[in-house]
1. Quick one: is Thr230 more than 22 Å from Pro75 (Cα to Cα), modelled with pLDDT under 95 and of a type in the set (S, T, N, Q)?
2. Tell me yes or no: at least one residue of the range 147-159 is of a type in the set (Val, Ile, Thr), modelled with pLDDT of 95 or more and either out of contact with any Gly (no Cβ under 6 Å at 6 or more places or on another chain) or over 19 Å from Leu202 (Cα atoms) (or both).
3. Give just the number: which of (1) over 19 Å from Asp57 (Cβ atoms); (2) under 15 Å from the mean Cα position of the chain (by Cα) does Gly249 not satisfy?
4. Can you spot a residue in the range 131-150 that is touching a residue at least 60 places away in the same chain (Cβ under 8 Å), more than 19 Å from Ala69 (Cα to Cα) and part of a loop (DSSP other than H, G, I, E, B)?
5. Checking the condition of a type in the set (A, V, I, L, M) and either without any contact (Cβ under 8 Å) to a residue 12 or more places away in the chain or open to solvent by less than 40 Å² (accessible area, probe 1.4 Å) (or both), which residue from Leu115, Leu100 passes?
6. For the range 88-105, what are the residues that are hydrophobic (A, V, I, L, M, F, W, C) and closer than 17 Å to Gln136 by Cα?
Amino acid sequence: MDSMMRSRTATRLPLDHPARSLTSRGRALGVALALGALLASGATMTLAAPAVAATGDVKCPSTDCVRIAPTAGSPVAIASDNAGALYLAYSGGDLLKLDLATGALDTVTTGLGNLRGVAVADGSAYITAFDGTLQQVTLATGARRTLAAGLPSLFGVARFGTTTYVTDGNGEIVAVPDGGTSRVVATGLGFSYGLAFDKAGLAYTADMGQGRILQTNVATGATRVLASETYEPTSISVGGDGLVYFMVGDEVKRVNAATGVQSHVTNLVGINGFSFSLVASGDAYMAGGAGDGLWRISGLTSR
């Protein structure tokens, strides 16, 4: 399994190393399950060319890339409340809070299942699990409730308005409205570990299997390809500038959804991360490989 966790030369999947709860066997199982879902979606494993250091690369560690929480292990998903805290989800079922001002790392709740995604909105975390369960956790108390169950394996999650949207292992976006029942709103999207929305309510996914960055109108199900890559994209975010950010190997790219113009942002050198989470300031947060904690990449969207 270690052969799958590479430095720019093999497919990377999030390896969960929370310091307090998982055995090495459990961590390996989490990676195996995620890899199995990717292969089940029809994806193939390819090799990326090694990243070449160049002017403008972000080297980790450096003043632009700082490890801020060495004991955080490797969460499978990160979400910001844009009010000074990050929430970290682990495949062992833990949800932790990281105070960015003090560095304090506290447990919100545990026992949530084999987690895959987290989104934060209006005082709650929305959590996806590999068993097809979507849960809502009240951040102040840790209280939880199940919003949907019995779905295919769930991965990406995002809130827009009063609806929670998730991606599943069948290449679908599923909508779960508050107080309503789940329904499929888009199909044929491949395997996307993440999900993001712009201010207009358009959804973005990164199809790891076919190397596509997709935009989907969740009201109609219409989908179009914004970018095609020769190697699987592993991260998807919408910045405060309205541009869509994603990773291909160690390279961060962005695409203007209105014009289709794609550009290089930077290469991340010295960190074996799977995906990053953008916050309103333009900074990005990423879990390094091999359980080496949480990193901040300063001003990613301004590069």
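The values are calculated or read from the model by the stated rules, or taken from the named source; none is laboratory data. In this text, all values refer to a predicted model and were calculated from it rather than measured experimentally. Here the Cβ is made from the backbone with ideal geometry for all residues, glycine too, and neighbour counts use every protein chain on show. All accessible areas refer to the heavy atoms of the entire protein, side chains included, with ligands and DNA or RNA removed. Shrake-Rupley method; radii C 1.70, N 1.55, O 1.52, S 1.80 Å.
1. Judged against the criteria, Thr230 is a match.
2. Applying the first criterion (of a type in the set (Val, Ile, Thr)) to the range 147-159 yields 157.
Next, from what is left, pick out any that are modelled with pLDDT of 95 or more: 157.
Next, from what is left, pick out any that are either out of contact with any Gly (no Cβ under 6 Å at 6 or more places or on another chain) or over 19 Å from Leu202 (Cα atoms) (or both): none.
No: zero hits.
3. (1)
4. Our first condition is that a residue be touching a residue at least 60 places away in the same chain (Cβ under 8 Å); within the range 131-150, this holds for none.
Scanning the range 131-150 turns up no residue that is touching a residue at least 60 places away in the same chain (Cβ under 8 Å), more than 19 Å from Ala69 (Cα to Cα) and part of a loop (DSSP other than H, G, I, E, B).
5. On the way: Leu100 fails: either without any contact (Cβ under 8 Å) to a residue 12 or more places away in the chain or open to solvent by less than 40 Å² (accessible area, probe 1.4 Å) (or both).
Sole residue among the options that is of a type in the set (A, V, I, L, M) and either without any contact (Cβ under 8 Å) to a residue 12 or more places away in the chain or open to solvent by less than 40 Å² (accessible area, probe 1.4 Å) (or both): Leu115.
6. Initially, the range 88-105 is screened for residues hydrophobic (A, V, I, L, M, F, W, C), giving 88-89, 95-96, 98, 100-101, 104-105.
The answer is Leu88, Ala89, Leu95, Leu96.
Okay, residues lined up against (1) within 25 Å of Leu268 (Cα to Cα); (2) open to solvent by less than 30 Å² (accessible area, probe 1.4 Å); (3) without any contact (Cβ under 8 Å) to a residue 12 or more places away in the chain:
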residue	(1), (2), (3)
Val66	yes, no, no
Gly84	yes, no, no
Tyr87	yes, yes, no
Tyr126	no, yes, no
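Per-residue answers, yes or no, for (1) assigned to a strand (DSSP E or B); (2) surrounded by 14 or more Cβ atoms within 10 Å (Cβ to Cβ):
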| position | (1), (2) |
| --- | --- |
| Gly156 | yes, yes |
| Tyr165 | yes, yes |
| Asn170 | no, yes |
| Gly180 | no, no |
| Gly190 | no, yes |
| Tyr193 | no, yes |
